[in-house]
1. Does B:Leu86 satisfy the condition of being within 13 Å of chain A (Cβ to nearest Cβ) and at pLDDT 95 or above?
2. Looking at B:Thr95, B:Thr74, which one is within 16 Å of the chain's Cα centre (by Cα) and more than 10 Å from chain A (Cβ to nearest Cβ)?
3. Looking at A:Leu25, is it more than 11 Å from every other protein chain (Cβ to nearest Cβ) and under 10 Å from the mean Cα position of the chain (by Cα)?
4. Under 6 Å by Cβ, and 6 or more places apart or on different chains, what pairs join a residue from the stretch B:60-73 that is farther than 15 Å from B:Ser35 by Cα with one that is away from DNA strand D (no atom under 12 Å from the Cβ) and outside any helix (DSSP H, G or I)?
5. For the stretch A:39-65, which residues satisfy the criterion of being more than 9 Å from DNA strand C (Cβ to nearest atom) and under 10 Å from the mean Cα position of the chain (by Cα)?
6. Can you pull out every residue in the stretch B:15-33 that is assigned to a helix (DSSP H, G or I) and among the basic types (Lys, Arg)?
7. In this structure, does A:Ile99 turn out to be of a type outside the set (Asp, Glu) and either without any contact (Cβ under 8 Å) to a residue 60 or more places away in the chain or out of contact with any helix residue (DSSP H, G or I) (no Cβ under 6 Å at 6 or more places or on another chain) (or both)?
8. Considering B:Leu34, B:Leu67, B:Leu60, which residue is more than 7 Å from chain A (Cβ to nearest Cβ), more than 14 Å from DNA strand D (Cβ to nearest atom) and surrounded by 18 or more Cβ atoms within 10 Å (Cβ to Cβ)?
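The values are calculated or read from the model by the stated rules, or taken from the named source; none is laboratory data. Keep in mind the model is a prediction, meaning the values are calculated, not measured. A quick note on method: Cβ atoms are made from the backbone with ideal geometry, for glycine too, and the neighbour counts reach across all protein chains shown.
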Protein chains: 2
Amino acid sequence: MECEDFKPNEHKEEMMAVQDTMDVLRGKWKIEVLSSICFYNKRRFSDILNDVNGISNKMLSKELKELEINQMITRTILDTHPVTILYQLTEHGKTLGTIIDNMTEWGKMHRKKIIGK
Amino acid sequence: MECEDFKPNEHKEEMMAVQDTMDVLRGKWKIEVLSSICFYNKRRFSDILNDVNGISNKMLSKELKELEINQMITRTILDTHPVTILYQLTEHGKTLGTIIDNMTEWGKMHRKKIIGK
DNA sequence: CAGAATCCCCTTGGATACTG
DNA sequence: CAGTATCCAAGGGGATTCTG
């Protein structure tokens with residue numbers, strides 16, 4: 001965000017782009033769900049439910065759906081009995097890594113500065 | 001977010017950091033408000049109200065308060081009649097630039113890939 | 001196992017009106 | 001000008017129960 005070289009409303013496309021990114025990340029549990037899947041590479045519903053502390057099945061279901069719609073993850077049905085369902089990051093999903101790294105760094109810095117310690 | 005080198009719950013600090021960042025950015029108008037102030041360097045309430053398309057005074061007031069609490073902006077009261085109030089980015093606020101740039105880039109890429117065009 | 005269904009509360013955000 | 005106050009609707013999200 002360079003601060004001298006643009007006028008609001010001349011940057012509609014950039015604004016929209018940021019909002020698009022926020023839309024993908026906005027849910028309360030998105031990053032944690034993503035992280036769980038990311039770490040294990042393949043992960044099942046109930047596994048993620050255990051990984052992400054505090055999430056309910058309803059919310060997990062919802063977050064997974066949205067992530068799938070946004071093509072951040074894939075959902076694979078295995079023909080077992082009972083069925084097993086695997087969630088994995090897409091290549092596109094993995095490209096979020098940079099942003100998440102940035103947010104991690106910034107968040108740490110912010111905490112030191114604002115929240116104290 | 002490296003995907004092979006951590007276990008969930010061994011990355012609590014990182015998770016927390018990302019959530020802290022999201023907390024600062026989560027509001028519907030945060031980035032646009034930030035952008036408005038950023039461009040003009042100093043900006044008044046009613047100016048931002050005009051810059052940010054669709055925002056209500058209630059929401060603007062709320063977003064500004066939160067941004068101030070998080071020390072992203074400062075609020076300066078000028079002794080005029082009637083009073084003038086200036087909002088400006090803090091140095092800390094300006095450090096968000098990198099993240100916003102990244103989100104802009106990713107959002108554009110995402111739109112091309114997912115939303116099509 | 002992998003959800004869907006239901007109920008219910010709380011927060012977000014929009015619209016409008018009012019104040020120092 | 002710079003907000004507050006109020007009312008209201010929609011959705012997010014928790015807890016619990018049910019199902020193929």
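1. Numbers: within 13 Å of chain A (Cβ to nearest Cβ): no; at pLDDT 95 or above: yes.
So B:Leu86 does not fit the description; no.
2. From the options B:Thr95, B:Thr74, the qualifying one is B:Thr74.
3. Details: more than 11 Å from every other protein chain (Cβ to nearest Cβ): no; under 10 Å from the mean Cα position of the chain (by Cα): yes.
When the stated conditions are applied, A:Leu25 does not pass them.
4. Listed by first residue and then by second, the contacts come to B:Gln71/B:Thr90.
5. A:Glu63, the sole residue that qualifies.
6. First, the residues of the stretch B:15-33 that are assigned to a helix (DSSP H, G or I): B:15-25, B:30-33.
The one that is assigned to a helix (DSSP H, G or I) and among the basic types (Lys, Arg): B:Lys30.
7. On the way: of a type outside the set (Asp, Glu): yes; either without any contact (Cβ under 8 Å) to a residue 60 or more places away in the chain or out of contact with any helix residue (DSSP H, G or I) (no Cβ under 6 Å at 6 or more places or on another chain) (or both): no.
Considered against the rule, which asks whether it is of a type outside the set (Asp, Glu) and either without any contact (Cβ under 8 Å) to a residue 60 or more places away in the chain or out of contact with any helix residue (DSSP H, G or I) (no Cβ under 6 Å at 6 or more places or on another chain) (or both), A:Ile99 comes out as no.
8. Working: B:Leu67 fails: more than 14 Å from DNA strand D (Cβ to nearest atom); B:Leu60 fails: more than 14 Å from DNA strand D (Cβ to nearest atom).
From the options B:Leu34, B:Leu67, B:Leu60, the qualifying one is B:Leu34.
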